[in-house]
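Bear in mind these aren't lab numbers, they're just calculated from the coordinates by the rules spelled out. Every value quoted in this text rests on a predicted model; they were computed, and no experiment measured them. Note that we place each Cβ from the backbone using ideal geometry, even for glycine, and neighbour counts take in every protein chain shown.
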4 protein chains.
Amino acid sequence: MSSIKKVVLAYSGGLDTSAIVPWLKENYNCEVVAFVADVGQGAEELEGVEAKAIASGASECHIVDLKDELVADYIYPTLKTGAIYEGTYLLGTSMARPIIAKAQVEVARKVGADALSHGCTGKGNDQVRFESCFAALAPDLKVIAPWREWDLSSRESLLDYLAERNIPCSASATKIYSRDANAWHISHEGGELEDPWCQPSDQVWTWTNSPEQAPNESLLVQLSIKNGEVVAVNGEQMSPFQVLTTLNEIAAPHGIGRVDIVENRLVGMKSRGCYETPGGTVIMAALQAIDELVLDKTSRKWKDTLANEFSHLVYDGRWFTPLKDSILAAAEAFSTLATGEVVLKLYKGQVTAVQKQSENSLYSEDFATFGEDDVYDQSHAEGFIRLFSLSSRISAMNNK
Amino acid sequence: MSSIKKVVLAYSGGLDTSAIVPWLKENYNCEVVAFVADVGQGAEELEGVEAKAIASGASECHIVDLKDELVADYIYPTLKTGAIYEGTYLLGTSMARPIIAKAQVEVARKVGADALSHGCTGKGNDQVRFESCFAALAPDLKVIAPWREWDLSSRESLLDYLAERNIPCSASATKIYSRDANAWHISHEGGELEDPWCQPSDQVWTWTNSPEQAPNESLLVQLSIKNGEVVAVNGEQMSPFQVLTTLNEIAAPHGIGRVDIVENRLVGMKSRGCYETPGGTVIMAALQAIDELVLDKTSRKWKDTLANEFSHLVYDGRWFTPLKDSILAAAEAFSTLATGEVVLKLYKGQVTAVQKQSENSLYSEDFATFGEDDVYDQSHAEGFIRLFSLSSRISAMNNK
Amino acid sequence: MSSIKKVVLAYSGGLDTSAIVPWLKENYNCEVVAFVADVGQGAEELEGVEAKAIASGASECHIVDLKDELVADYIYPTLKTGAIYEGTYLLGTSMARPIIAKAQVEVARKVGADALSHGCTGKGNDQVRFESCFAALAPDLKVIAPWREWDLSSRESLLDYLAERNIPCSASATKIYSRDANAWHISHEGGELEDPWCQPSDQVWTWTNSPEQAPNESLLVQLSIKNGEVVAVNGEQMSPFQVLTTLNEIAAPHGIGRVDIVENRLVGMKSRGCYETPGGTVIMAALQAIDELVLDKTSRKWKDTLANEFSHLVYDGRWFTPLKDSILAAAEAFSTLATGEVVLKLYKGQVTAVQKQSENSLYSEDFATFGEDDVYDQSHAEGFIRLFSLSSRISAMNNK
Amino acid sequence: MSSIKKVVLAYSGGLDTSAIVPWLKENYNCEVVAFVADVGQGAEELEGVEAKAIASGASECHIVDLKDELVADYIYPTLKTGAIYEGTYLLGTSMARPIIAKAQVEVARKVGADALSHGCTGKGNDQVRFESCFAALAPDLKVIAPWREWDLSSRESLLDYLAERNIPCSASATKIYSRDANAWHISHEGGELEDPWCQPSDQVWTWTNSPEQAPNESLLVQLSIKNGEVVAVNGEQMSPFQVLTTLNEIAAPHGIGRVDIVENRLVGMKSRGCYETPGGTVIMAALQAIDELVLDKTSRKWKDTLANEFSHLVYDGRWFTPLKDSILAAAEAFSTLATGEVVLKLYKGQVTAVQKQSENSLYSEDFATFGEDDVYDQSHAEGFIRLFSLSSRISAMNNK
């Protein structure tokens, strides 16, 4: 093993990273600095995390508040592209990885570390996302991925490992689901979900009501959108982060934003995940409604290409690349048009845009309906059709 | 005006085409043959249509049953590509136009006609779709589009026109919405829908319950899928058309398949439409669920490209083109994998795939979870990541 | 015909626009302002053009020098996307249309005109390009396209028309080829070219030597590239326009940049054109060589998508659209990397990049060759391959 | 090391695989079966190869003639998609890997082997291509890649290794270039090529004359194309393989098909390669010429998307995947149109299609020129333009 002096570990306070602290010290004979990213995973996740890190043997613990930056600089750019992975997944975990990696590198620079470490398993996407970002931001720092090195392959063995070292840990030996949360979403894997023929049980979901439990009355919410970002909820101006948390609170009781999918991992196998993205689902519906008004046909088709491309880029952790800069710049050229108001109805798991308007709207009642107008002469259609279908006509005449 | 002897008119029995029959005879001094396509628009639409056509002055009326062929040869091919227009519209009207045009041309050949006519307005997509198909299938036949020629611009003037000629017509002077139905969907335009800030009233919708009116109990339905087509509902084998009508009946009460969008018309302006596609929405959810199991990551990304491309092709009426053959062939290479079972839950406007399995599934609990296996060695991930991110690393080292 | 007071005509001094001036006055009873765009078509084309315009009956003649702006703001943006239409055509005519249309609108605003006119035929692309730009820049101005209105369908009839009005014109009754030139290229259509089985005769080509006539000695030229633009030729700093004219002079004798293709016109039929783009062909080869060094694999693949999309956009005259802004922004994210030096060999019709270097090069002899290095451990390849091919492996195991 | 009984080695008779035979026996204690793929690399490469293999210690040597199948089933399908990697590379090595892998697996099945081995280095693409194909075709067989395992890192050490074992080898200690040949092309890497600022010396190239050395007289050659395949050269019917070898002989003296590029390897770094593809370059020019005649605009744009996608697929060794089936099916829908005759001029490094015709040509002199015709009414253009640019017009009117 290569010589390491000081490593910055992406630390969560959970079982895995609690064990990684002593394991790094013992196996690399190095100082371990804990780094905790506050990406909106919730107060209970952060409570006492510094004390836990020190108790595990970390020399320092840096808690960095990334909540506003996550929403403003990672989530909204992604939203502007329209990216949805494989038709369904709103990329909640994927979007958080680059900002965490970036902040982790910044801590490493500050404390003069020569290595970075994380608690991702060897079968998942997150190892690739973290380490791809590390490669782009800090190619000189070593990366240690304990899950790919050690032989502690079960929760029991991790608990034993901690007990042997008298490191306190509140984790239980049995944990059914693997979860990951941030301001945008919470994900769930494991347990009965590992069989796609098995429905998720009620205990899977933690943020939202089921549609069945949701209120029998629908709720209307009005979003104000400016340049592709929601700037007010029901007329109240808010920061991007506040918009998201407000909409999470509004939408979760109505059962909005549950998704249950089998997806393709970057590392070649499939996995089944359940996701809850209540506020985000409402935001996406609103942005889609504005796009309906402001994007012309060729722009919309091209934006769908951008969305497809960007969804894989974000999922794959290629954030700090020229490809990201390129697709994002393309999307931002469109989001300058995305300004307007949308009213959405929340009801039993569904969000529906029921009213929409925009100063940049290309919709015009005058043009769409059957009356006469100056812009559109119905006789023009004949010429359009003749030329639009000319190659078909020529081809058909050839085949006679 | 050019000389025409016999014209085949796509006749519906409604006000417009009722007036077109005499208008063609008077203005082109020709025989008019009525052609009625049965694409599953419903028995009441077809009742007495032949008598009406003759009463309007048609020399013959040909009613052609296209229901099975529509579903098998136009809808399923489109479904196999995953095409959804501008993210939302399931292409119900678009898919029906090519088959109607083709059957109309066949009638024209049979009766020795030298022209084709339709009742589409000069501002819509359908005129382009019909005439593009005519160009591909019968470039030698003249096309007459009365709406682009005459000066009968209101319902009142059409009714007057018929009254003057003593042609009976049950149409009323006021008709709020313009609707189009076939086995797959019904569309609604006009009335208050012309203002996108205005919610659709209850009278817009004709096939489905509102989510609020839907039963309080959810319903499970199991679909059997073979090569990308649903072959059985709840274990009962059915033809493609039967599957669709059965699912329409099952899903409509649950409020499934309502869509309310502003879309880009091919002819350059936007329009607002409401669509009801109950059974189709269930079928699409089932096909998407199977795709989750059987398509690998690169295939899925490519299929999303096919879907985007095909959605515009179908919307634009480019059915009888080499481009259609190409994209469809590409999609069919994937649909050979799409075999399996899906259970879907219908509840208050939402359809959710809750169970899914396939003999071609690439999902394997063994590979996805954390235990050891023969196929995947966690240490392989390091090598993967290093090469996957190598260009980022080299670029970052350059920038030092 | 609608009432017009003053029209600005895109005037070239050739036969067509010489006749259009009096035709507009007679048929629209309006004042005609001639507008001449200097896009580098050459001094002989511009000589005496103002006098000719006045002699034809124009009230004023505005000659606007667009040469620098054409190269800087229309040609280089297009080059940055890598756009080549249908694999071969370097878009010379297409790129010039938007800037001419824009300057024509500016003249119209200055002189208070209420209409615009051009001399494009009714079967070509240019009418669509001009009028699409007019629609985007001046939707309030009427557009008059005489070729779609009048019945002067031959050169003879145009000459007669001028002779009857005593308007002097040096044009001859027979002109074999239709040509269009600007700083970037000259195009040739008509004559024997209308048969694709017929080789272009020597008299088609006007700018370049044939490869056979080119010198027997090759010539090396070194280009310095900064952010996707050539800034120096053989070490001498130049403006974008100077670079282009210098390279035209250098490359034309060597027979560089001849192209002979059948292309798809936007209006639905095919046409056969010969193009000469000597300097441009050298510039494109140099930019391609730099891209080889600085773009990673995923970026390069995406840029090829941008190129395909942009080539049709430019060809189709969609310059002043959000789609242009989007694709161009995407391309510019890459062109910030395109800095370096390229030496090209010109020899008998071929240009070959024989030496290339860039400060942003991702090529490294250390990484590419077989020796050990810190960045790449050959054992990593095994892991990469295993995960890269994992879905194939799983699929194959399923099929056992 | 896992237990292996019998391994089939892709054997070339060169230094590397000569050493791999004894190395496998010593390190895996297994029987080694040599497999030699005849992909048209030339008689001298194959001469005495079986004796060499036996002398190295192989128990058997299977020489399999893949020449016809390579051209018919791997090269032509790729050509039909139009794939060219990163704008320049004609994929010569890439296309040969899947067929070699497939034949190697077939030998393994025949002799009952439990492992496969190859001589590819750990930094190249070929290891990924071979092993991805193995994963798809024989996931049960072990793969041994000696270059990723052993410590024989130089030609000297390999020669010493053979000398110690008294295995005869005619290889010299110094070999400047690494080359790979098959019926389609020969590639060259290494030596002075490792510096992109360095021009290839004359000794790099082995198949073609330099343009300077080529005859001063151009040569015309006529190709007959049917369904996307060349079926006759100068009127003489030939098999696909014969066409290719015939054109190699015709084109090589004229300096056709030299390429010198820096490309992105799949494994993340760049490399510089020189390629000679004389006959293939002529074939591609002919197919492109036919496509100009028979593909309409939307089809051509889509085919360019197919080409981009397929070029990476082939380069990356993803041949035996659903993605390949999909893209290839899409391309074959177009190649059914690609029938006709092309005359090409070969002159000093350049191939130019100078005459072309097709029974499926969409080009028509009647439509392209200015005269009247029945198909195209010039007044139709106005309507086309108005609708084509309508969204620009509406947008511009909004912005007033």
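Between C:E249, C:E236, C:E164, the GNM of chain C built on Cα springs shorter than 10 angstrom shows C:E164 fluctuating the most. Based on the Kirkwood approach, the hydrodynamic radius assigned to the range B:123-198 is 15.5 Å, with every pair of different Cα atoms included. Per residue, the Cα convex hull of the range D:1-58 amounts to 70 Å³. Each other copy places its own label point for D:I176 at 4.8, 7.1, 8.5 nm from this one, sorted shortest first, where the point lies 7 Å along the Cα-to-beta carbon line. Over the range A:78-170, the hull volume per residue, using the convex hull of the C-alpha atoms, is 154 Å³. Using R₀ = 51 Å, calculate the FRET efficiency as 1/(1 + (r/R₀)^6) where r is the Cβ-Cβ separation of B:W150 and D:D195; round to 0.05. Working from the Cβ atoms, E equals 0.10.
Charge tally around D:A19: other residues with Cβ under 13 Å, Lys/Arg +1 each, Asp/Glu -1 each, net -3. Counting each pair of different Cα atoms once, what's the Kirkwood radius of the range D:207-309 in Å, rounded to one decimal? By the Kirkwood definition, the hydrodynamic radius is 15.6 Å.
Think of it as helices only: each DSSP H run of n ≥ 4 in chain C is worth -39500 (n - 2.57), and spread over all residues that comes to -12000 deg cm²/dmol at 222 nm.
At 20 °C and 1.002 mPa s, grab the translational diffusion coefficient of the protein assembly as shown from Stokes-Einstein with a Kirkwood Rh over Cα pairs, rounded to a whole number in µm² per second.
Values: Rh = 35.3 Å.
Rounded to a whole number, D works out at 61 µm²/s.
Sort out for me the Cα centre separation of the range D:65-136 from the range A:182-229, rounded to whole Å. So the two Cα centres are separated by 46 Å.
Under 9 Å from the Cβ of D:G340, count the other residues' Cβ atoms, weight Lys and Arg +1, Asp and Glu -1, and hand me the total.
Numbers: positive: D:K226, D:K356; negative: D:E341, D:E359.
The answer is 0.
In this structure the amide hydrogen of D:I63, modeled in the peptide plane, comes within under 5 Å of the amide hydrogens of D:V36, none closer than 5 places in sequence on its chain. Applying both filters, DSSP loop and at most 15 other Cβ atoms within 10 Å, to the GluC sites (Glu not before Pro) of the range B:263-295 eliminates every site.
Say the cut-off is 27 Å between C-alpha atoms; which of C:K123/D:K301; C:K348/D:K301; A:K301/B:K123; A:K226/C:K110 go over it?
Numbers: C:K123/D:K301 21 Å; C:K348/D:K301 31 Å; A:K301/B:K123 21 Å; A:K226/C:K110 35 Å.
Result: C:K348/D:K301; A:K226/C:K110 exceed 27 Å.
3J(HN,Hα) along the range A:9-23: 9, 6, 10, 10, x, x, 4, 4, 6, 4, 7, 5, 4, x, 5 Hz, from the Karplus curve 6.51 cos²θ - 1.76 cosθ + 1.60 with θ = phi - 60°, whole Hz, x for Gly and Pro.
Within 10 Å of each candidate Cβ there may be at most 13 other Cβ atoms; applying that plus a DSSP loop requirement, which trypsin sites (Lys or Arg not before Pro) in the range C:1-78 survive?
Values: sites: C:K5, C:K6, C:K25, C:K52, C:K67; in loops: C:K5.
Answer by residue number: C:K5.
Only Lys, Arg, Asp and Glu count, each charged at its Cβ (+1, +1, -1, -1), so figure out the dipole size of the protein assembly as shown about its Cα centre, rounded to 20 debye. Working shown, then result.
Numbers: 140 positive and 220 negative charges, 0 e Å.
Dipole of the protein assembly as shown, to the nearest 20 debye: 0 debye.
Using the Kirkwood formula over every pair of different C-alpha atoms, what hydrodynamic radius in Å results for chain B? Over chain B, the inverse of the mean reciprocal pair distance is 23.5 Å. Of the residues A:L24, B:L346, the one with the fewest other Cβ atoms within 10 Å heads the list, and the complete ranking is A:L24, B:L346.
Which of the GluC sites (Glu not before Pro) across the range B:1-55 are loop residues per DSSP, with 16 or fewer other Cβ within 10 Å? The partial results should precede the final answer.
Details: sites: B:E26, B:E31, B:E44, B:E45, B:E47, B:E50; in loops: B:E47.
For GluC sites (Glu not before Pro) across the range B:1-55 that sit outside H, G, I, E and B with at most 16 neighbouring Cβ atoms in 10 Å, the list reads B:E47.
Report the residue of chain B with the smallest Cβ-to-axis distance, using the rotation axis that brings B onto A, in whole Å. Of all Cβ atoms in B, the one closest to the rotation axis yields B:K348, 2. Per residue of peptide C:327-335, the mean number of Cβ atoms on other chains within 10 Å of the residue Cβ is 6. For chain B, the longest principal axis of the Cα atoms and the long axis of helix B:322-335 meet at an angle of about 40 degrees.
According to the Cα-based calculation, Rg over Rh for the range A:278-343 is 0.99, with Rh computed by the Kirkwood formula. Computed from the C-beta positions of D:A232 and D:D114 and an R0 of 51 Å, the FRET efficiency is 0.65 to the nearest 0.05. Distances from A:N216 to itself in the other copies, using label points 7 Å out along the Cα-Cβ axis, amount to 0.5, 9.9, 9.9 nm in increasing order. Sorting the Cα pairs of the range A:6-175 by distance into bins of 10 Å, from 0 upward, gives 10, 38, 37, 14, 2 percent per bin. Using the Stokes-Einstein relation with a Kirkwood hydrodynamic radius computed over Cα pairs, the translational diffusion coefficient of the range D:311-364 at 4 °C and a viscosity of 1.567 mPa s comes to 92 µm²/s. What separates the D:V231 label point from its copies, with the point 7 Å along Cα to Cβ, is 3.7, 5.6, 6.6 nm, written shortest first.
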